[in-house]
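Have a look at the structure below before the remarks.
The values are calculated or read from the model by the stated rules, or taken from the named source; none is laboratory data. All values derive from a computational prediction rather than experimental measurement. We place every Cβ from the backbone using ideal geometry, glycine too, and count neighbours over all the protein chains shown. For the accessible areas, the whole protein counts, side chains as well, though only heavy atoms, and no ligand, DNA or RNA atoms are used. Shrake-Rupley method; radii C 1.70, N 1.55, O 1.52, S 1.80 Å.
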Amino acid sequence: MTYTLTRVEDALAAENDRYPLGERQRVEDPMQQQVHRSVFTGKLEEVLNSTVNWGRKNSLWPYNFGLSCCYVEMTTAFTSPHDIARFGAEVIRASPRQADFMVIAGTCFVKMAPVIQQLYDQMLEPKWVISMGSCANSGGMYDIYSVVQGVDKFLPVDVYVPGCPPRPEAFLQGLQLLQDSIQEERRPLSWVVGDQGVYRAEMPSQREKHRDRRIQVTELRTPDSI
Amino acid sequence: MLFDLSAIDERLRSHRHGLPEADFTVFYHLLSVSGNRDIMLKVALSERDLSLPTVISVYRNANWYEREAWDMFGIRFEGHPNLFRILMPSTWQGHPLRKDHHARATEFDPYTLTVEGQHREQEALQFKPEDWGMQRQSADADFMFLNLGPNHPSAHGAFRIVLQLDGEEIVDCVPDIGYHHRGAEKMAERQSWHSFIPYTDRIDYVGGVMNNLPYVLAVEKLAGIEVTGRIQTVRVMMCELFRITSHLLFLGTYLQDLGAMSPVFYTFTDRQKGYDVIEAITGFRMHPAWFRIGGLMQDLPKGWDTLMQRFVDWMPARLREYERVMMENSLVRDRTKHIAAFDTANALAWGVTGPNLRATGCDFDLRKQRPYSGYENFDFEIPLAQNGDAFDRGQLRIDEMRQSLRILQQCINNMPAGDYKADHPLTTPPPRERMLEHIETLITHFLQVSWGPVLPGNESLQMIEATKGINSYYLTSDGSTMSYRTRIRTPSFPHLQQIPELMRGGFVPDLIAHLGSIDFVMADVDR
Ligand code: SF4
């Protein structure tokens, strides 16, 4: 699996640097390289790393942040019929400082973008971003002067959930995909020990993964009956 | 009351039917509640002298409308105390609704945010009390300025309000909007009449097809289309269903803002049941865009009535339970009774409509006063309350849901037979059978679907009683496939403008209770 590496040092910004800060480079799995050094410590590190990741991915605290319509579907996912607690992500935080991930649920407005950036900066590492809905993914149907054409113009996005709005189930699937990718991540175990880079796994695209199965559907239900 | 105020850029318009020479027109839409009549005043302006005296001394709510006209068209209102931008960021260049301003983001360099730009924008977002004529201290106290929003759990979206506090007491406050401006009015000038429908869904985004209705009705007026009884009834039915889901969302979040965690879980369960019906009928949950010019997207599916009946049977007991558990709860009562109360005169001075107006005892509901889409055929009542406080606004919506359920029941019992598309050449998309006659009809069909219908050059206006108050579309057609100007008047805009007057002298928790009770979504404010 290939990884994207971001180093903390790179994120020290100069005035005319653009968001997202920090250089990204594609690298091989750093864990694999360790294994070459010593089979024993390599295994140990692998176990340790995957335990920490397991803990992280199963207690993701979302930041209570909503922009527009998609937020309503996101809240729907939080309430009982969909029950996000099944995935350990029900501890909604009102402060970015306590949250683990932020869902950009809705349209990203030019007027709001600096605010979003500020809130993102206030979140502590490790942190992740889910972009929910067409507006946040690409501007969606709002190719208009006041809308940023996709939140990834300035934030690093981990998972994109398509839809306008995505169903709550789709959001939950996005959350699970984020969990899968967290399981594969390599982060420093401490801020003084070892390599200080963040290695994010490049996960396969869902569209490509399911394409074969999807195009085999030949019979679609008519909308004439319920 | 001053119902609406905005402007039109007339410079490119050709069908002007004897209107005087003008580069810009500012219009004032006045509505009399007691007389149930409207007047629209239009003032012609030339490009060289784009200014008018402000009307704030007569109509308080003109304040934001004039700021909006300044922001969008660059029209100055002399004597306005704070003629700042309202929807666009203060660093913005240009006036978006002018015909010479670009519409698409992609006509422009892609958006980037640099570290320096971030500092600059944050600087511009700083609140400066002096700009608003506020003191930083009084004789015996230093005021604290508390910034609530643009992202705050009880601000219901991207809404910001800056409070001037003396201890817990709100001395004054300044709402700041525009964090949710999606340029829907500009968008309408770029979409065909037909393809604008999905954008209307997203104005009041919890109102679903309710938003399609005023637009579609206004277009039908322009085109001269008469729809069948079945279309009317189905439209009413879907609107009322959305009214219920919207009010349920209101109820859950309103109580949550007061600190009650669980109601939102209950009301969202009900919403889910409502959405099951909506999805079975329209194929989509929140934004079905299901109405069409001259009809509906398709007919009702087989078995819709059983589903709907199940929902109608489910709800009454739940509503009773909400009343018993929440509205009769002494904590809820203490937090909301006599909080942010206003009377009818005050409501009208601020342009308040809908349930918030009726909570003051004013019986003005367009479904009765100016029936549209066949509301005159239904048997239902308009619930009223007396005190106009946060409690009444909550209770009234529960009562409204009961009435909506009554309407739904009547729809189930008496659904008329008929076509789901009107028989008119401008119905879009046209009925399929008409296409399959010969090559000529095929070409017409193709043009109408690809370019969209051409509507005669004229103006039309349609208001409806939407979930949150009166929503209206004022369309100006220049005889083409697109609208020349679409003015969308939304109820939440004036509702937010009224906040400072109500909150002066109140406490912070009262503000939260009030925000919960207004029932607004930011898309319905900023569009
Ligand atoms: S993607 Fe669609 S539903 Fe989501 S915020 Fe944008 S317009 Fe609204």
Once amide H atoms are placed 1.01 Å from N in the peptide plane, what residues at a sequence separation of 5 or more from B:ASP4, or on another chain, have their amide H within under 5 Å of its amide H? B:HIS29
Using a 1.4 Å probe on the protein chains only, how many percent of the accessible area of segment B:234-340 belongs to carbon and sulfur? 54
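Let me know the shape class of the protein assembly as shown, please: from the alpha-carbon gyration tensor, a ≥ b ≥ c as square roots of the eigenvalues, rounded when a/c is under 1.5, otherwise prolate if a/b is greater than b/c, or oblate.
It is rounded, given that a/c, with a ≥ b ≥ c, falls under 1.5.
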Residues of segment B:112-132 with accessible area at least 40 Å² lower in the all-protein-chain context than alone (1.4 Å probe)? B:THR112, B:LEU113, B:THR114, B:VAL115, B:GLN118, B:GLN122
Accessible area per residue, 1.4 Å probe, Å², for segment B:376-462: what's the number? 51
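Got a number for carbon plus sulfur as a percent of segment B:23-80's accessible area, 1.4 Å probe? All intermediate terms of the calculation are to be shown ahead of the outcome.
Working: 1340 of 2580 Å².
Of the solvent-accessible surface of segment B:23-80, carbon and sulfur hold 52 percent.
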Residue-wise, which Karplus ³J(HN,Hα) couplings in Hz belong to segment B:372-387, taking 6.51 cos²θ - 1.76 cosθ + 1.60, θ = phi - 60°, and x for glycine or proline? 10, 6, x, 5, 5, 8, 9, 9, 7, 10, 9, x, 10, 9, 10, 8
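Probe radius 1.4 Å, ligands and nucleic acids ignored: give me the carbon and sulfur share of the accessible area of segment B:370-440 as a rounded percent.
Values: 1640 of 3380 Å².
Answer for segment B:370-440 is 48 percent, counting heavy atoms of protein chains only.
With every protein chain kept in place and ligands, DNA and RNA left out, what is the accessible area per residue of segment B:159-308? Probe 1.4 Å, answer in Å². Kindly include the intermediate steps, with their values, before the conclusion.
Values: 3280 Å² over 150 residues.
On a per-residue basis, segment B:159-308 sits at 22 Å².
Could you compute the FRET efficiency for B:LYS128 and B:ARG11, with r as their C-beta to C-beta distance and R0 at 51 Å, rounded to 0.05? Walk me through the numbers before you get to the answer.
Details: r = 36 Å, r/R0 = 0.70.
Calculated transfer efficiency: 0.90.
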What does the buried accessible surface come to for A and B, summed over both chains, with the probe at 1.4 Å? Round to 100 Å². 5100
Partners for A:LYS43 among lysines (Cα-Cα distance below 29 Å; same-chain residues under 8 apart left out): A:LYS57, A:LYS127
Per residue, what volume in Å³ does the Cα convex hull of chain A take up? 161
The ³J(HN,Hα) series, computed from each phi in segment B:224-230 with the Karplus coefficients 6.51, -1.76 and 1.60 at θ = phi - 60°, rounded to the nearest Hz and given as x for glycine or proline, is x, 9, 9, 9, 6, x, 5
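Assuming a ≥ b ≥ c are the square roots of the Cα gyration tensor eigenvalues, decide whether segment B:145-264 counts as rounded (a/c under 1.5), prolate (otherwise, with a/b larger than b/c) or oblate.
Oblate.
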Chain lengthening between B:ARG120 and B:ASN413 when straightened (0.36 nm per residue, less Cα-Cα): 99.4 nm
Once normalised by the length of segment B:26-87, the mean sequence separation of its alpha carbon contacts under 8 Å that are 6 or more apart gives a contact order in percent of 26
Would you please give the residues with an amide H less than 5 Å from that of A:VAL147, counting only those at least 5 places away or on a separate chain, with H modeled from the backbone geometry? A:VAL110
Give the long-range amide H neighbours of B:GLU10: residues separated by 5 or more places, or on another chain, with amide H under 5 Å away, using H modelled in the peptide plane at 1.01 Å from N. B:PHE24, B:THR25
Provide the per-residue ³J(HN,Hα) series for segment B:486-498, in order, calculated from phi with Karplus coefficients 6.51, -1.76, 1.60 and θ = phi - 60°, each as a whole number of Hz, with x at glycine and proline positions. 10, 9, 10, 9, 10, x, 5, 4, x, 4, 6, 5, 6
Drop in accessible area of at least 40 Å² in the complex versus isolated chain, residues of segment B:302-316, 1.4 Å probe: B:LYS302
Once normalised by the length of chain A, the mean sequence separation of its alpha carbon contacts under 8 Å that are 6 or more apart gives a contact order in percent of 22
With a bin width of 10 angstrom, please list the P(r) values of segment B:259-368 as percents of all Cα-Cα pairs, from the 0 bin to the one holding the largest distance. 11, 24, 32, 26, 7
Provide the solvent-accessible area of B:SER330, counting protein heavy atoms only and rolling a 1.4 Å probe, rounded to the nearest 10 Å². 80
Gain in length, A:TRP61 to A:SER205, computed as 0.36 nm per residue apart minus the alpha-carbon separation, to one decimal in nm? 49.4 nm
Across A:100-112, the residue-averaged tally of Cβ atoms belonging to other chains within 10 Å stands at 5
Please report, largest first and rounded to whole Å, the three semi-axes of the ellipsoid equivalent to segment B:447-527, where each semi-axis is the square root of five times an eigenvalue of the C-alpha gyration tensor. 38, 12, 9
Run the numbers on segment A:127-152: which residues show a drop of 50 Å² or more in accessible area, chain on its own versus all protein chains together, using a 1.4 Å probe over heavy atoms? A:MET141, A:TYR142, A:ASP143, A:ILE144, A:TYR145
Could you give the accessible area per residue of segment B:1-107, probe 1.4 Å, as a whole number in Å²? 46
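Does chain B classify as rounded, prolate or oblate by the C-alpha gyration tensor (a ≥ b ≥ c root eigenvalues; a/c under 1.5 gives rounded; else a/b over b/c gives prolate, otherwise oblate)?
oblate
Normalised by the number of residues in chain B, what is the relative contact order in percent for Cα pairs under 8 Å and 6+ residues apart?
Numbers: 963 pairs, mean separation 99.7, N = 527.
This gives 19 percent for chain B.
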Strictly over 26 Å apart at the Cα level, which of B:LYS186/B:LYS221; B:LYS221/B:LYS302; B:LYS221/B:LYS421 would you flag in this model? B:LYS221/B:LYS302
Cut-off under 15 Å on the C-alpha distance; same-chain residues fewer than 8 positions from B:LYS99 excluded. Which aspartates and glutamates are left, in chain and number order? B:ASP9, B:GLU10, B:ASP23, B:GLU47, B:ASP71, B:GLU107, B:GLU185, B:GLU189, B:ASP478
Any lysines whose Cα falls less than 18 Å from that of A:LYS209, other than same-chain ones fewer than 8 residues away, would be none
